[in-house]
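*Asks:* Supplied in structure tokens, the structure appears directly below.
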Amino acid sequence: METTEREALNIMRKCNRFETCSSPICPLDLLQDKRTRLEGEETCTAWKSIRREAGEGTALKYKGLKKNEWEAKRRWDDKPEEEKEKIREQMRERFKKHTSR
């Protein structure tokens, strides 16, 4: 087994669903960009918190996040603090409105 593949397996084994998962694309796979998923095949269902923890400090491109989650994180990180706070306040207001029904 190639070193990269061995490293990939060691990282993927940190996922609590590793033994039962059949998703062809794993966010914890160092080689995920080389993998393909056919329509109807399973997608990763591991919790984001588990994936992020497992991906921390690794060579993973998206640090355990799915590509769309990583892109959303980058967009958020690129926003000015003022805009982030405005969005947070809007979300707090929506939450209050929703929970006070």
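Derivation of every value follows stated rules applied to the coordinates shown; laboratory data play no part. Since the model is a prediction, treat every value here as computed from it, not as a measurement. With ideal geometry, Cβ positions are generated from the backbone for all residues, glycine too; neighbour counts draw on all protein chains shown.
*Asks:* Give a quick list of GluC sites (Glu not before Pro) in the range 16-74 that DSSP marks as loop, anything other than H, G, I, E or B, with at most 11 other Cβ atoms within 10 Å. Mind showing how you got there, number by number?
*Replies:* Details: sites: GLU19, GLU39, GLU41, GLU42, GLU53, GLU56, GLU69, GLU71; in loops: GLU19, GLU39, GLU41, GLU42, GLU56.
Answer in residue order: GLU19, GLU39, GLU41, GLU42, GLU56.
*Asks:* Among ARG37, ARG6, which comes first, then next, by fewest other beta-carbon atoms within 10 Å?
*Replies:* Working: ARG37 13, ARG6 10.
Lowest count first: ARG6, ARG37.
*Asks:* Related question: So who's got an amide H within less than 5 Å of the one on CYS44, skipping anything under 5 residues away but keeping other chains? H placed 1.01 Å off N, in plane.
*Replies:* The list, which skips near neighbours in sequence, is empty: none.
*Asks:* Note down the magnitude of the dipole of the chain about its Cα centre, charges +1 on Lys and Arg C-beta and -1 on Asp and Glu C-beta and zero elsewhere, to the nearest 20 debye. Before the final figure, lay out the partial values.
*Replies:* On the way: 26 positive and 21 negative charges, 106 e Å.
Dipole size: approximately 520 debye.
*Asks:* Another question, then. Let me know the shape class of the chain, please: from the alpha-carbon gyration tensor, a ≥ b ≥ c as square roots of the eigenvalues, rounded when a/c is under 1.5, otherwise prolate if a/b is greater than b/c, or oblate. Show your work: numbers first, answer last.
*Replies:* Working: a/c = 2.59, a/b = 1.96, b/c = 1.32.
Cα axes put the chain in the prolate bin.
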